[in-house]
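As structure tokens, the structure follows; a few thoughts come after it.
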Amino acid sequence: MAEVNDHLEIKFRLNDGSDIGPKSFPDATTVAALKETVVAQWPREKENGPKTVKDVKLISAGRILENNKTVGDCRSPVSNLSDAVTTMHVLIQPQVTEKEKKTKKKPKGDLRQSKFVCLCFGRRL
């Protein structure tokens, strides 16, 4: 009979390619709790780190994870392999204050790009 693993090894990939972790999380851990871990363990020497959980977005398997989901909900079939580590990509977008919103109104038709960048690496079969 196969062993049931109720923990998931996760490492958080930052935008410069460095990692936080890997660390083991129970399946019942929420995405919001994972974001708290990222904020708490963010390397202090790196600039533009998240100030709050609202500044952090996590991407796993090409999907932005919702705060109310759990680690178990995000589990992929590959994560059931022994010694498998799941990599979640971290995106940081600082919250815009009301003052900044008022001063940075975009004119109609302004097609600026989003501040998010997502790089997905894989191979075609």
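Round to the nearest 0.05 the FRET efficiency obtained for E47 and K11 when R0 = 30 Å and r is the Cβ-Cβ distance. About 0.90, to the nearest 0.05. In the complete set of protein chains, residue-level accessible area for K69 is approximately 80 Å², probe 1.4 angstrom. For region 1-58, the list of GluC sites (Glu not before Pro) that fall in a loop by DSSP and count at most 10 other C-beta atoms within 10 angstrom reads E3, E45, E47.
The values are calculated or read from the model by the stated rules, or taken from the named source; none is laboratory data. Being a predicted model, the structure only gives us computed values, none of them experimental. Every residue, glycine as well, gets a Cβ built from its backbone with ideal geometry; the counts of neighbours run over all protein chains shown. Please note that ligands, DNA and RNA were not included when accessible areas were found on the heavy atoms of the full protein model with its side chains. Shrake-Rupley method; radii C 1.70, N 1.55, O 1.52, S 1.80 Å.
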